[in-house]
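*Asks:* Here's a structure for you.
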């Protein structure tokens with residue numbers, strides 16, 4: 001299993017309510033994705049970044065999900081280009 005961290009810049013002046021609304025709009029896309037184990041949305045107003053933490057079976061699955069359509073969606077919605085990081089996830093603890 002791998003964990004992918006995706007971050008991107010949010011436009012200056014876009015407030016938390018708008019960012020969360022956009023996250024909620026995109027949530028249905030990810031709920032329907034057959035290869036995604038889990039997604040946590042990220043928001044840091046001080047740094048002006050947002051994104052997500054995803055759990056997948058493989059880097060290939062992550063890259064397939066974050067292809068041209070995803071890049072275009074982020075560019076069109078937030079006006080920025082995502083950054084991607086991948087980590088092996090050998091142990092997961094989930095309390096709830």
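Rule-based calculations on the coordinates, nothing more; no lab input. Predicted model, so just to flag it, every value in this text is computed and none were measured. Positions of Cβ are generated from backbone atoms using ideal geometry, with glycine treated the same way; all protein chains shown enter the neighbour counts.
*Asks:* Treating the angle as unsigned and between 0 and 90°, give the value, to the nearest 10°, between the Cα long axis of helix 16-31 and the longest Cα principal axis of the chain.
*Replies:* 40
*Asks:* Still on this structure, I have one more. Kindly express, to the nearest 10 degrees and within the range 0 to 90, the angle between helix 68-78's C-alpha long axis and the longest C-alpha principal axis of the chain.
*Replies:* Compared with the principal axis, the helix lies near 40 degrees.
*Asks:* Among 46, 4, 24, what is the fewest-to-most ranking by other Cβ atoms within 10 Å?
*Replies:* Ascending Cβ contact count within 10 Å gives the list 46, 24, 4.
*Asks:* Using only DSSP helix segments of four residues or longer, with each worth -39500 (n - 2.57), what per-residue ellipticity at 222 nm results for the chain after dividing by its residue count and rounding to 500?
*Replies:* Rounded to the nearest 500, the figure is -11000 deg cm²/dmol.
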